1. Using Cα atoms only, what is the angle between the long axis of helix 317-327 and the major principal axis of the chain, expressed in degrees (0 to 90) to the nearest 10?
2. So if I place +1 on the C-beta of Lys and Arg and -1 on the C-beta of Asp and Glu, and nothing else carries charge, what would the dipole magnitude of the stretch 116-318 be about its Cα centre? I want it in debye, nearest 20.
3. Please give the contour-minus-distance gain from ALA428 to LEU88: 0.36 nm per residue of separation, less the Cα-Cα distance, rounded to one decimal in nm.
4. How big is the shadow of the Cα convex hull of the stretch 327-435, averaged over all directions, in nm²?
5. Using a cut-off of 12 Å between beta-carbons, work out the net charge of the residues near ALA423 (Lys and Arg +1, Asp and Glu -1, ALA423 not included).
6. Could you give the longest part of the chain that holds none of the GluC sites (Glu not before Pro) found in DSSP loops with at most 15 neighbouring Cβ atoms within 10 Å?
7. Among SER39, SER329, SER179, what is the fewest-to-most ranking by other Cβ atoms within 10 Å?
8. What percent do you get for the relative contact order of the stretch 328-382 when only Cα pairs under 8 Å and 6+ apart count?
Amino acid sequence: MEIVGNSAAAIFESIRGLVQAGHLRAGQELPTVRDLAASLGVNRNTVSSAYKRLVSAGVATTQGRLGTTIRDPMRLGEAEGSRPGCRLMDLAGGNPDPEWLPDIVQVLAQRPQPAALYGAPAVHPELEALAIAWMQGDCPPAFQIDIAGGAVDAVERLLACHLVPGDKVAVENPCFVSSVNTLRVAGLQPAPVGMDGKGMIPAELEAALAQGAQAVILTPRAQNPTGCALGARRAAEIRGVLSRHPNALVIVDDHFAMLATDRYFNVIPANARRWALVRSVSKALGPDLRLAVVASDDHTSSALRLRLTAGTHWVSHLLQQAVIGCLTSPAINARIEGARDRYAERRSLLRRLLQERGIATAASTDGLNVWMPMETDSQPLVLELARHGWLTRGGASFGVPSPCHGVRLTISSLAADDAVRFADDLAAAMKRLAL
Ligand SMILES: Cc1ncc(COP(=O)(O)O)c(C=O)c1O
């Protein structure tokens, strides 16, 4: 393997060629700028700008002074959900309870519509009206509505609208696995922001933005995995931080909005230039209804529309019809309320059962999960629980960049008697492991 070239463009092409030919592999470190400049007989700035180009083209990643390495675009972390057919009792999947999801086929049958053809508006006007009413008051007053294929899809497209590979994105730590995966695939670098029980720590967010993060992804409630929500005061503090960085792209992932018991508090300051509030229907209507509503500033919305036009163009009007049908059905709205109450009951039951056994959980107030923070690696406990029939998700999935300690327990389908059995098994497992 020999890197050649006497200009930034030639060095870039040489390294890219070596990667394409398989001579340089993912994870392999490139020579230091100083060494390569010396061996090629060129100025250090020339090598440095070749490396910058490699990073922005997604070929390499840089860790500042720690060097530049070849990137593995295919390496993904864990994903949400569990494999079907697993014989363990699933407390790992992060899924809603299928019993509480509406019958979409029936909803569609009640809304016969002509087939949508090329040229149809990307957003169904009725869904747009519902979305405007849903978003109004929760973000800056001037906004456009777009529809994406779920919250994860929206986040991915929004990042692609404004960022280039190598850019840093401030994320909660611990963080939702798909957000970390999205950054990885796009060649973006997560800038972890520590959390306390009330959400992102404002001073840490300030530091991440001051150190060049171009965007921030925030979960205002039902944070995954901790379940925490931003109260009024924390949201105001974060808004204050963001108002000092008006160019940062602010993505608010309010994925649990339809089922939330916590109030929503806006973090997007009035002077933010690039922002989006994303609300998904996955948890209330089912993850197969891949649809999220996006409210954003004019410029972001135009960029998002361009990206949609170049790809799927629109989210299927059948899905849009199904969502309209659900949102306007009193029976389904009552069902969503029922699911919200059921999830809240299940969360507080499991937390109480664990507390009675001396096991502390995060004061999570919303979401489908209960988070059990730990002092040490959760993996031995996750394995011990699996031996006793329980599938749980260890902290390794959520830490940015290194594993965090804790276990996430999905409560959505956990009936009361199973919750008691689980609490007993967990207490016994912790005793055996001397935790
Ligand atoms: C923070 C967060 N965002 C987004 C999603 C998924 O949203 P969607 O299914 O609309 O992509 C989840 C699912 O658990 C989540 O926890």
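Derivation of every value follows stated rules applied to the coordinates shown; laboratory data play no part. If you're wondering where the values come from, they're calculated on a predicted model, not measured in any experiment. Every residue, glycine among them, receives a Cβ derived from its backbone with ideal geometry; neighbour counts consider all protein chains shown.
1. Here the helix axis deviates by roughly 40 degrees.
2. Using only the charged Cβ atoms, the result is roughly 200 debye.
3. 120.6 nm
4. 7.9
5. So the surrounding residues net to -1.
6. 79-374
7. Placing the least packed residue first, the sequence is SER39, SER329, SER179.
8. 24
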